[in-house]
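A short write-up of the structure that comes next.
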Amino acid sequence: MKPKFVIAGAAAGLAASALIVAPASAQVDASAARYIAANCANCHGTNGVARGGMPSLAGQKKEQIAARVREFRDGKRAATLMHQIAKGYSDAQIDAIAEQIARQSMGQ
């Protein structure tokens, strides 16, 4: 897949996820969290199990996932694309995504 299509897909996913969740300070409901977390599958694999150069997310602790995403968002962790994606998420959305992904196991 060409990089520009991956970037366009990620951008479209971010835009769509922003429509589902109301204000950034609001809680994120479970169905919205599942939808937003599904965007992670583009790079990190279905159910959080990556096939290739990206790290698998399934089986990691919620706090660890959330901390890493915030590091990308806040420019504290180097990235090629993740820092741009993470900037689109509020703290509530990051926590909801991390909780959804943390529920997945490597065996799924």
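Can you list, largest first and rounded to whole Å, the semi-axes you get for the range 37-108 by taking the square root of 5 times each eigenvalue of its Cα gyration tensor? Display every interim value, and only then the final one.
Working: eigenvalues 67, 39, 20 Å².
Semi-axes (√(5λ), whole Å): 18, 14, 10.
Test of the criteria: in the range 50-89, which trypsin sites (Lys or Arg not before Pro) are in a DSSP loop and have at most 11 other Cβ atoms within 10 angstrom of their Cβ? The partial results should precede the final answer.
Working: sites: Arg51, Lys61, Lys62, Arg68, Arg70, Arg73, Lys76, Arg77, Lys87; in loops: Arg51, Lys61, Lys76, Arg77, Lys87.
When the trypsin sites (Lys or Arg not before Pro) of the range 50-89 are filtered for loop state and at most 11 Cβ neighbours within 10 Å, Arg51, Lys61, Lys76 remain.
What ranking of Met54, Met82 emerges when the number of other C-beta atoms within 10 Å of each C-beta is taken as an exposure proxy, fewest first?
On the way: Met54 13, Met82 20.
Ranking Met54, Met82 by Cβ neighbours within 10 Å, fewest first, gives Met54, Met82.
Which shape class, rounded, prolate or oblate, goes with the range 25-76 when its Cα gyration tensor gives a ≥ b ≥ c as root eigenvalues, a/c under 1.5 marks rounded, and past that a/b bigger than b/c marks prolate? Could you put the intermediate results ahead of the total?
Values: a/c = 1.86, a/b = 1.18, b/c = 1.57.
Here the range 25-76 falls in the oblate category.
FYI, it's all coordinate maths here, none of it is from the lab. Bear in mind the structure is a predicted one, so any value in this text is a computation, not a measurement. Every residue, glycine among them, receives a Cβ derived from its backbone with ideal geometry; neighbour counts consider all protein chains shown.
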